[in-house]
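Here the structure comes first, spelled out in structure tokens, and everything after it is commentary.
Rule-based calculations on the coordinates, nothing more; no lab input. What you see is a predicted model, and the numbers here were worked out from it, not measured in a lab. Positions of Cβ are backbone-derived with ideal geometry, glycine not excepted, and every protein chain shown enters the neighbour counts.
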Amino acid sequence: MTAKEEIGSPALNGIQLDHRAGRYIEAREAGSVLFRYVYFDPEILPNETPKPYIHPLVTLGGRETTGYRPKDHPWHVGLTMTIPAVGDDNFWGGNTYVPGEGYIQLANNGTIRHEAWAGIRSEPDEVRMDEELAWVSIAGERVLTESRRISLVGVARELGAYAIELEFALTNVTDGDLPLRSPATKGLAGMGYWGMHWRGSLTAHPGSVFSATGERGDADITGRRAEWIAYTCPAVAGEAPATLIFLDLEREERFPAQWFARSDSMASITPSFVFDEPYELRAGQTLRLAHRVIVCDGELDRGSVTRTIAHFKTLSGMDAPAQNRDQPRSSHEQ
């Protein structure tokens, strides 16, 4: 077993990064894991679309909020970036929706493969991981390349919360245009899941969900545009409640996202860039997406959610316009 390596000294808000080379990086606070970013997992089967993910994702108080390979959807792994259809390739995992036939297991499950670390920074003023990845088809062809950044926005112990940000830059490296699609774009009404996906733990549902625009519940939120939604994991035996706030960050196109939400039969949230309208990613084009996740102890109401969002906007200059940041979040570039 490869030993873990501490990266830097205790950094932003006392967070320490530990790296088990070839497997994962952990963010720890006072010796306890806040989140683990797994970039290689030999347990994931080929038809589950092997991909990096965050699991566990834990509140400051110790409530674990993510699930891992549940029996109903074993390709769901914590918090991850994943797409149901990139051209003919499935980078979500599991079955593919085929109009007129339903969900079928096809020989089209690709792999989202870690290639290199562009940088891992753990300093008093910044904690971030910059990664290079390749989206590889079942035939072994590189379909997309990706530059990914995962950063810690900050920790607010007085609020019982911390925030992470995930940025994805996806480039079409094929010779032709690539249609990006969800099952909803193929005619399966409401099933517009696409992009960053959170699968909650088994105890995270039935939960409650509400949006920035006032909607509550899966039916009213799914397919609607909103800058954020909040999901409350209920209190269960031995576990206090927790709230996760998911924010879509500004870009030029299709902002804010349309959301896919499940809080009853499972805990599942996706801010969908491609809900019911396909997107054509041109050859050589880069699509940039960014989302923030705030992990909170307790059951937050709307007022507490808005105050928590405002608090983290003021940290590290992250409330600056997107074009002024070091990595612009324009939605496409040639």
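The phi torsions of region 211-217, fed into the Karplus equation with coefficients 6.51, -1.76 and 1.60 and a -60° offset, translate into couplings of 10, 4, 9, x, 6, 10, x Hz, rounded to whole numbers, with Gly and Pro shown as x.
Remark: relative contact order (the chain) = 15 percent; criterion is Cα-Cα distance under 8 angstrom and separation of 6 or more residues. In sequence order, region 304-315 has phi-based couplings of 5, 5, 5, 5, 5, 4, 5, 4, 6, 5, 7, 8 Hz under the Karplus curve 6.51 cos²θ - 1.76 cosθ + 1.60, θ = phi - 60°, and Gly or Pro positions carry x.
Lysine pair count for the chain (Cα-Cα distance under 28 Å; residues 8 or more apart in sequence or on different chains): 4. Taking label points 7 Å from Cα along the Cα-to-Cβ direction, A283 and E5 give a separation of 4.0 nm. Taking every DSSP beta bridge that has both ends in region 220-301, the antiparallel portion is near 95%. Distance between the pseudo-spin-label points of T145 and V173 (7 Å out from Cα toward the beta carbon): 0.5 nm. Dividing the summed -39500 (n - 2.57) terms of all DSSP H runs of n ≥ 4 by the residue count of the chain sets its mean residue ellipticity at 222 nm at -1500 deg cm²/dmol.
Taking each residue as 0.36 nm, the span from L315 to E132 lengthens on full extension beyond its C-alpha to C-alpha distance by 63.3 nm. Residue exposure proxy: D18, D89, D177, ordered by other Cβ atoms within 10 angstrom of their Cβ from fewest to most, comes out as D177, D18, D89. Counting every other Cβ atom within 10 Å of each residue's Cβ, V33, V295, V77 order from fewest to most as V33, V295, V77.
The modelled label-to-label distance for the pair R157/Y103, using points 7 Å beyond Cα in the direction of Cβ, is 4.3 nm.
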